[in-house]
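The values are calculated or read from the model by the stated rules, or taken from the named source; none is laboratory data. Since this is a predicted model, take the numbers as computed values, not measurements. Ideal geometry is used to build each Cβ from the backbone, glycine not excepted, and the neighbour counts take in all protein chains shown. What goes into the accessible areas is simple: the full protein's heavy atoms, side chains included, and nothing from ligands, DNA or RNA. Shrake-Rupley method; radii C 1.70, N 1.55, O 1.52, S 1.80 Å.
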Amino acid sequence: MDIVLVAGMWLDGTAWDGVAAELAALGHRPVPVTLPGQGDGAVSATLDDQVAAVLAAVDAVGGRPVVVGHSAASTLAWLAADARPERIAKVVLVGGFPAADGRRYADFFAVRDGAVPFPGWEPFEGPDAADLDEEARRRFAAAAIPVPEGVAMAVVRLKDERRFDVPVALVCPEYTPEQVGEWIDAGESPELTRIRQLELVDLDAGHWPMVTRPRELARALAEVVPDA
């Protein structure tokens, strides 16, 4: 099965190296995506540019791939399902929830000089970063790529109701499936409430399991991949 891998803010396609190696060993074909503005040097990239890059990866593979979105890129994976509902076998969301139509993509942190730099570890203290030691934190912060303002502050537009027919698995790293169920019941994720086939997967990790638990994340992804 082709598995398109889309990392969240401040990361490029190499963030998936460990996961990709494990997926390949399990017989799958990983397709890590380096997003415009996050590793290709395009400082003026937009959200539309990033969606186009994900769709290009989807269109380039044969058959119907799985699209994995991590953190904020859960919305990118969901936008791909909105644009290609008939072409995507499943969407997997890792540590993130899709933004609703009309919401900003990732209006979480301050913009500086046209981009959103990594804000340091203070906002992530607690379960998010508990499994990252000091050396891992240093490496992450040193490699973090500022996200263009045209990506982070863009308004999400969803158009095709058929996206709700695409099966979704939500991998829960720094929170539990039970917490997600409570958030869905409370209406905190309007898109998730309308998905017809939603699977919740527990994973004992922090917010960046591709860094700290690549083997475990790969196996979790392989377990939710539909039959080819």
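For segment 200-228, how many residues are part of a loop (DSSP other than H, G, I, E, B) and under 21 Å from Gln179 (Cβ atoms)? Even if it seems obvious, please write down each step before you answer.
Our first condition is that a residue be part of a loop (DSSP other than H, G, I, E, B); within segment 200-228, this holds for 203-208, 213, 225-228.
Filter once more, so that each one left must be under 21 Å from Gln179 (Cβ atoms): 203-208, 213.
Final tally of qualifying residues: 7.
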**Prompt:** For segment 87-103, does any single residue satisfy the condition of being open to solvent by less than 40 Å² (accessible area, probe 1.4 Å), basic (Lys, Arg), modelled with pLDDT of 95 or more and over 15 Å from Val156 (Cα atoms)?
**Reply:** yes
**Prompt:** Looking at Ala110, Ala106, Ala21, which is the one that is part of a helix (DSSP H, G or I) and not polar (S, T, N, Q)?
**Reply:** Ala21
**Request:** Only residues in segment 201-224 that are more than 16 Å from Ala25 (Cα to Cα) count as the first member; pair them with residues that are open to solvent by 70 Å² or more (accessible area, probe 1.4 Å) and among the aliphatic types (A, V, I, L, M), Cβ under 7 angstrom, at least 6 apart or cross-chain, and list the lot.
**Result:** Gly206/Ala130
**Asked** Say we look at segment 161-209 and pick out the residues that are of a type in the set (D, E, K, R) and touching a strand residue (DSSP E or B) at 6+ places or on another chain (Cβ under 7 Å); which of these is most open to solvent (accessible area, probe 1.4 Å)?
**Response** Asp202
**Request:** Given the conditions (1) open to solvent by 20 Å² or more (accessible area, probe 1.4 Å); (2) in a loop (DSSP other than H, G, I, E, B); (3) modelled with pLDDT of 95 or more; (4) over 16 Å from Pro190 (Cβ atoms), report the number of the one that Gly63 does not fulfil.
**Result:** (3)
**Asked** Which ones in segment 187-199 are in a loop (DSSP other than H, G, I, E, B) and either under 22 Å from Asp128 (Cα atoms) or in contact (Cβ under 8 Å) with a residue 24 or more places away in the chain (or both)?
**Response** Glu188, Ser189, Arg194, Ile195, Arg196, Gln197
